[in-house]
Amino acid sequence: MKITKICCIGAGYVGGPTMAVIAQKCPDITVTVVDINQARIDAWNGEDLDKLPVYEPGLDKVVAEARGRNLFFSTDVNKAIDEAQMVFISVNTPTKTYGEGKGMAADLKWVELCARQIAAASTSDKIVVEKSTLPVRTAQAVKDILDNTGGGRKFQILSNPEFLAEGTAVEDLLAPDRVLIGGDPGPEGQEAIEALVSVYAAWVPRERILTTNIWSSELSKLTANAFLAQRVSSINAISELCEQTGADVTEVARAIGADSRIGPKFLKASVGFGGSCFQKDILNMVYISRSYGLTEVADYWEQVIKMNDHQKARFAKNIIKSLYNTVNGKKITFLGWAFKKDTNDTRESAAIYVADHLINEQAQITVYDPKVSEEKIYADLEYLNTRSPEEIRRLVKVVYDPYEACLDAHAVAILTEWDEFVDYDWQRIYEAMLKPAKVFDGRNILPHEELRTMASAYSPSERQYSNY
Ligand code: UDX
Ligand code: UDX
Ligand code: ADP
């Protein structure tokens with residue numbers, strides 16, 4: 001079957017960029033991305049390509065090329081579903097905040113709503129593609145709903161997890177390591193798989209398109225994220241050991257990464273991993289394992305999260321300890337709030353938890369991030385539900401100039417590895433700070449030796465840099 005019309009439900013960090021690239025690479029396919037959030041759709045349709053709802057390097061160009069030609073953004077969900085032969089589900093699946101599985105399981109409310117809406121809106125057979133990361137066996141639930149409420153229409157369910165990383169979404173989509181498609185082993189399932197393979201084959205070499213059964217595909221996505229997060233927790237555990245022993249974690253990472261069995265990527269020690277996927281997917285895996293009675297498996301993966309929580313708390317405690325065990329009323333400047341560079345996404349960012357810890361000690365936090373707005377920063381802290389909006393606004397200030405942010409600060413903490421931070425005039429920042437000036441480099445990106453020399457030019461006692 002040749003696909004000519006695609007609908008994608010969910011115009012977020014995954015749906016938006018993925019569909020933009022499919023539309024760019026497949027000019028003969030009409031791609032309509034729908035969302036219930038009118039403001040988001042308006043922003044995708046906006047004249048100003050600097051204001052797309054998702055910031056990703058290169059995305060503006062892709063959207064500029066395809067939008068209005070064969071890429072459309074709309075809130076008319078039912079119409080787009082009905083017109084398409086293939087419907088992607090790319091809605092959010094956050095960790096449950098209530099009831100059974102609270103704090104662990106994925107909340108499938110939005111996915112189920114999508115399935116019901118697809119069933120209700122369809123007047124012809126469809127291929128439904130799970131793009132959101134979902135717990136293993138969700139496809140079965142989606143299928144049950146479609147088969148029982150779809151009025152006799154036939155639905156083939158595919159799992160096609162997205163492996164793009166934020167900040168490099170466009171590059172990852174244009175040249176993926178692999179595309180994974182899971183489907184039913186029967187002839188109709190294989191035909192559906194082949195239809196989706198043909199879409200990707202427009203720009204991805206066939207040998208990089210892997211096909212599996214649906215459960216393997218769903219589990220592979222959780223496993224990939226669990227392995228990646230595990231590498232970060234592993235190197236972070238080693239960073240603590242390095243700080244005690246005088247080994248340098250960057251040197252250790254380089255030495256072990258040279259072993260081709262280990263590889264050099266994903267070995268950067270940090271203040272802790274964030275993002276919408278790692279924690280959610282591991283918690284999900286832990287929850288599923290426990291529900292099958294697999295205690296050792298669950299405990300093993302849970303440790304990755306515990307180590308990450310420890311790393312974030314340790315970073316905050318280290319700041320407090322270095323500032324003579326009190327930060328009450330002290331100005332601490334955060335450079336960076338996003339969970340990694342080159343994105344405006346802040347979900348699960350380590351900055352949120354480090355800030356919360358320091359606010360508990362009554363610190364005055366000033367934040368500068370090149371892409372994250374003041375409203376977003378306040379919303380992230382309010383979402384924790386640990387204190388009132390008034391207290392947050394009293395203790396946290398957001399400024400849009402990095403030098404102003406650092407003025408009269410007792411300490412500067414790097415929370416995100418934005419490239420521009422490295423290029424700042426650190427002599428100027430040093431001079432503007434209160435002495436002894438302290439810098440805590442939670443991403444290990446600054447030229448530490450240079451900074452040490454700079455500080456020692458003033459007074460040897462003023463040297464203080466956290467060694468991540
Ligand atoms: C290991 C290290 O690889 C080597 O660099 C170090 O110098 C000494 O320790 P070795 O113990 O000889 O070498 O063998 P290795 O190939 O690493 O296997 C260790 C164990 O892991 C074996 O029992 C092997 O069967 C098992 N293994 C390895 C697996 O079960 N699965 C794998 O994918 C790889
Ligand atoms: C991740 C997966 O990489 C991607 O394949 C999947 O589709 C979604 O989840 P993402 O969360 O966007 O992507 O970013 P990623 O680059 O994986 O970084 C996740 C977190 O780990 C960030 O906070 C990052 O700063 C941190 N990290 C990553 C480290 O601390 N050290 C590293 O070496 C790598
Ligand atoms: P992700 O990182 O997985 O892309 P986002 O939260 O960025 O997650 O995007 C998910 C999008 O899905 C949101 O814009 C949300 O409004 C949209 N969405 C959720 N449920 C539905 C639904 N039933 N119909 C249409 N859009 C939906």
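State yes or no: is Ser289 under 22 Å from Ala413 (Cα atoms) and among the small types (Gly, Ala, Ser)? Step through it out loud before you land on a result.
Working: under 22 Å from Ala413 (Cα atoms): no; among the small types (Gly, Ala, Ser): yes.
The answer is no for Ser289.
Filtered by the rule that a residue be part of a loop (DSSP other than H, G, I, E, B) and either in contact with a helix residue (DSSP H, G or I) (Cβ under 6 Å, 6 or more places away or on another chain) or not polar (S, T, N, Q) (or both), the stretch 391-422 gives Val399, Tyr400, Asp401, Leu407, Asp408, Ala409, His410, Leu415, Glu417, Trp418.
Only residues that are out of contact with any helix residue (DSSP H, G or I) (no Cβ under 6 Å at 6 or more places or on another chain), part of a loop (DSSP other than H, G, I, E, B) and over 22 Å from Tyr287 (Cα atoms) were counted in the stretch 129-159, giving 4.
Considering the stretch 1-115, the qualifying helices (runs of 4 or more DSSP H), each wholly inside and each with 2 or more residues that are acidic (Asp, Glu), farther than 30 Å from Leu283 by Cα and modelled with pLDDT of 95 or more, run over 59-66, 77-83. Quick check on my filter: what residues within the stretch 12-62 are in contact (Cβ under 8 Å) with a residue 24 or more places away in the chain, more than 16 Å from ligand 2 (Cβ to nearest atom) and of a type in the set (D, E, K, R)? Correct list: Lys25, Asp28, Asp35, Arg40.
Quick one: which helices (runs of 4 or more DSSP H) sit completely within the stretch 240-330 and have at least 3 residues that are in contact (Cβ under 8 Å) with a residue 24 or more places away in the chain and surrounded by 19 or more Cβ atoms within 10 Å (Cβ to Cβ)? Outline the logic, then answer.
Numbers: elements: 249-257, 278-291, 295-322.
Counting at least 3 such residues, we get 278-291, 295-322.
Within the stretch 87-113, if we keep just the residues that are surrounded by fewer than 20 Cβ atoms within 10 Å (Cβ to Cβ) and within 16 Å of ligand 2 (Cβ to nearest atom), the residue that is farthest from Val31 (Cα to Cα) turns out to be Thr95. State whether one or more residues within the stretch 166-185 are assigned to a helix (DSSP H, G or I), modelled with pLDDT under 95, in contact with a Gly (Cβ under 8 Å, 6 or more places away or on another chain) and crowded, with 18+ Cβ neighbours inside 10 Å. No, the stretch 166-185 has no match at all. Only one of Glu251, Glu243 is over 25 Å from Val354 (Cα atoms), among the acidic types (Asp, Glu) and away from ligand 3 (no atom under 16 Å from the Cβ); which? One residue alone meets the criteria, Glu251.
Within the bounds of the stretch 411-419, is there any residue that is in contact with a Cys (Cβ under 8 Å, 6 or more places away or on another chain) and crowded, with 17+ Cβ neighbours inside 10 Å? Within the stretch 411-419 (the criterion being in contact with a Cys (Cβ under 8 Å, 6 or more places away or on another chain) and crowded, with 17+ Cβ neighbours inside 10 Å), the answer is yes, since at least one residue qualifies.
The values are calculated or read from the model by the stated rules, or taken from the named source; none is laboratory data. Everything numeric in this text was worked out from a predicted model, so none of it was measured. All Cβ positions, even for glycine, are placed from backbone atoms using ideal geometry, and neighbour counts span all protein chains on display.
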